[in-house]
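Heads up: the structure comes next, in structure tokens.
The values are calculated or read from the model by the stated rules, or taken from the named source; none is laboratory data. Keep in mind the model is a prediction, meaning the values are calculated, not measured. Cβ: placed from backbone, ideal geometry, glycine included. Neighbour counts: every protein chain shown.
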Amino acid sequence: MKCLSVIVPCYNEEGSVATLLERVLGSPYTAEVIVVDDGSTDGSVECVRKVVDPRIRLIEQPHNMGKGAALRRGFREATADFVVVQDADLEYDPAEYGHLLEPLLDGRADVVFGSRFLSGRPHRVLYYWHYVGNRLLTTASNMLTNLNLTDMETCYKVFSREVLDSIEIEQDRFGFEPEITAKVARGKWRVFEVSISYSGRTYAEGKKIGWRDGVQAARCIVKYSPLAARLRSSRSR
């Protein structure tokens with residue numbers, strides 16, 4: 001059942017993007033793959049072009065604009081019934097698309113988050129303080145959205161087209177994660193969470209997110225919370 005648009009934001013991932021695309025194309029659920037290159041300065045674009053498949057579309061941003069900006073562009077181009085975010089590295093496994101789609105296909109969910117912290121799937125053991133930061137951000141997000149997620153910062157988020165059509169993404173960088181979570185909560189969409197595996201990488205292997213992104217995420221948790229939205233609405237009247 002080819003029902004999934006896979007959005008791949010890519011920035012300097014020449015060492016992994018071709019392998020990642022082969023894995024994405026190997027999924028029976030993949031209808032199209034939209035790679036948004038975010039101003040890569042390595043050979044990422046050439047690596048994408050070498051993977052020949054009519055389902056792949058390559059979009060090149062004019063310069064490095066950030067993950068959120070790349071996803072905003074990719075979401076506009078998506079045409080399938082469901083849309084998943086897929087990083088261009090090899091930390092997340094496209095073989096799990098069926099697992100992620102199950103609550104959507106059977107009509108129970110509008111949005112599915114893939115959690116690295118639910119039991120049942122293997123994950124590489126790496127940075128303790130990343131784990132602590134993630135838990136703090138997820139808890140803060142839950143407090144302001146009244147959701148009970150275990151992994152707000154996960155890459156694997158799957159949306160129905162209806163959900164994405166109702167949301168305008170504003171954040172250009174990693175603030176996308178708390179922004180989309182808050183807007184999904186404000187829209188009262190049905191959210192499910194499923195366990196996923198995770199093969200994290202080190203900074204030496206190319207990991208890009210840093211502490212400044214965590215600070216920005218905390219700001220976005222407050223900025224896009226339902227309470228803040230109500231306050232902005234009351235001031236505009």
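Name the one entry in Pro103, Pro94 that is in contact with a Lys or Arg (Cβ under 7 Å, 6 or more places away or on another chain), at pLDDT 95 or above and of a type outside the set (Lys, Arg).
Pro94
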Query raised in the report: Among Arg173, Arg121, which is closer than 23 Å to Leu71 by Cα, basic (Lys, Arg) and modelled with pLDDT under 95?
Result: Arg173
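For segment 132-154, how many residues meet the condition of being charged (D, E, K, R) and crowded, with 20+ Cβ neighbours inside 10 Å?
Residues that pass the stated criteria total 2.
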Report task. For segment 187-237, name all the residues that are modelled with pLDDT under 90, in a loop (DSSP other than H, G, I, E, B) and among the aliphatic types (A, V, I, L, M). Result -> Ala204, Ile209
Requested in this report: Could you please tell me which pairs satisfy a Cβ distance under 7 Å, a separation of 6+ or placement on different chains, a first residue in segment 173-190 that is of a type in the set (S, T, N, Q), and a second residue that is assigned to a helix (DSSP H, G or I) and crowded, with 24+ Cβ neighbours inside 10 Å?
Outcome: Thr181/Ser141
Report summary line: Considering residues that are crowded, with 20+ Cβ neighbours inside 10 Å and out of contact with any strand residue (DSSP E or B) (no Cβ under 8 Å at 6 or more places or on another chain), the number found within segment 160-176 is 4
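Being under 14 Å from the mean Cα position of the chain (by Cα) and modelled with pLDDT under 95 is the requirement here; does Asp89 meet it?
yes
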Report task. Check whether at least one residue in segment 55-64 is of a type in the set (Lys, Arg) and at pLDDT 95 or above, and report yes or no. Result -> yes
Report summary line: Of the listed residues (Lys183, Lys157), the one being basic (Lys, Arg), at pLDDT 95 or above, within 30 Å of Asp42 (Cα to Cα) and surrounded by 15 or more Cβ atoms within 10 Å (Cβ to Cβ) is Lys157
